[in-house]
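Only one structure is covered here, and it is reproduced in the block below.
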Amino acid sequence: MKVQEGIEQPSSVNPEAVHNIRVKKPVALSIQQMVDGILAGNISILSKAITLIESTLNEHQHQAQEVLKGCLPHSGRSVRVGITGVPGVGKSSFIEVLGKYLTKQNKKVAVLAIDPSSYRTKGSILGDKTRMEELSTDPNAFIRPSPSAGTLGGVAQKTWETIILCEAAGFDTIIVETVGVGQSETLVHSMVDFFLLLMLAGAGDELQGIKRGIMEMADAIVINKADGSNITKAKQARIEYQNALHLYPTPESGWVPSVAICSAHEKTGISEVWQVVEDYIAFTRNNNYFETKRTSQDMQLMHQALKDLLLTDFYQSDEIKKNIKQIEKDIRQKKLSSYKAAMSLSDLYYSILKKQ
């Protein structure tokens, strides 16, 4: 039996067309072009600038600081809101509904969603942009998911710089969604005007240890998922949290934190939550705490940035890189204690600085 060969089929790719295609290389923007683009509200350039800021390359860091220098005079005109809460409380859903409510009020909203990071790759695990589908298509909203990359405090290392760029780009409301890991989330408090804690009704006493530390910093507590059969529990939880807040000393701002209930699923209670934010901003502007707090935050961030720069410089030193492997080997072989090893590396680093 002989099978007759068929006709050879032509290629689905036109070789002439491929030959004529010219791949355009991306044109690198100058510092001034990047600043002008951000000030003009160009989202594409804003995204590129944030990527530049998040880069760990020294060359990119120098460029990023120049871009920040150009944008800084045009920043500071937004309301910065930090939103935190235990995992599963519905932060992303709440932010999407709140964001849509604000854009309907003709506000421009930037959401800086800090994703938990992979310990191995430092990349985002969740990807908040995929969980805010409606808000991500809103022309008056900008969502930037960033991996926390191991940064303590639940906030990405460059979040503050990103806030500056977004403000310069014309966003009047900045929402920072934190990882939601508990009491380690304190850095967000040092870079926002209003700190909102999302809670669940009937979560159980096992979360009290997590809640207490954040409750002391919260400007308002919002009980989410107050819908269906959970409404009664939410109202009861509201009373309990309100009573608990009275046990804390009055914060420096003079503001007495309040408790509200809402349902991101049913989109109820959102306007009341935002009214609390507006009341707080008006209250702290009137007693001058608003500007005092921002100045204090700038000082805190300067010290944090100094720590980060010193740590980065330490690990980038060729001498440190050359010696640290041997010291780690000595620790594994029990020849050296961890503290003594740290002291040795510290002495080495200072001796390197003296030679420079």
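To the nearest 0.05, what FRET efficiency results for Thr268 and Ser229 with a Förster distance of 25 Å applied to their C-beta separation?
0.95
Quick check: pseudo-label points 7 Å beyond the Cα along Cα→Cβ at Asp318 and Gln333, how many nm apart are they?
Using points 7 Å along Cα→Cβ, the separation is 2.6 nm.
Distance cut-off 22 Å, Cα to Cα: go down the list Lys91/Lys233; Lys91/Lys307; Lys48/Lys293; Lys158/Lys307 and report the pairs above it.
Those over the limit are Lys91/Lys307; Lys48/Lys293.
Please work out how much length the chain gains when fully extended from Ser55 to Tyr248, using 0.36 nm per residue of separation minus the C-alpha to C-alpha distance, in nm with one decimal.
Value of the extension gain: 65.4 nm.
Between Ala282 and Ser47, with labels modelled 7 Å along Cα→Cβ, what's the label distance in nm to one decimal, could you check?
Simple spin-label model gives 3.8 nm for this pair.
Quick one: order Arg332, Arg294 by neighbouring beta-carbon count within 10 Å, fewest to most.
Least crowded to most crowded, the residues run Arg332, Arg294.
With a sphere of radius 11 Å drawn around the Cβ of Cys71, what net charge do the other residues whose Cβ falls strictly inside it have (Lys, Arg +1; Asp, Glu -1)?
Within the 11 Å Cβ shell, the charges total -3.
Suppose the chain between Met299 and Gln326 were pulled fully straight at 0.36 nm per residue; how much longer would it get relative to their current alpha carbon spacing?
Between Met299 and Gln326, full extension yields 5.9 nm more.
Could you line up Arg144, Arg285 from fewest to most neighbouring Cβ atoms inside 10 Å?
Neighbour counts put them in this order, fewest first: Arg285, Arg144.
Neighbouring Cβ atoms within 10 Å as the yardstick, rank Met302, Met191 fewest first.
Ascending Cβ contact count within 10 Å gives the list Met302, Met191.
Multiply the residue separation of Lys307 and Ile239 by 0.36 nm, subtract the distance between their alpha-carbon atoms, and state the gained length in nm to one decimal.
20.3 nm
Computed from the coordinates by the stated procedures, all read-outs in this text should not be read as laboratory data. Quick caveat: nothing in here was measured; it's all calculated off a predicted structure. All Cβ positions, even for glycine, are placed from backbone atoms using ideal geometry, and neighbour counts span all protein chains on display.
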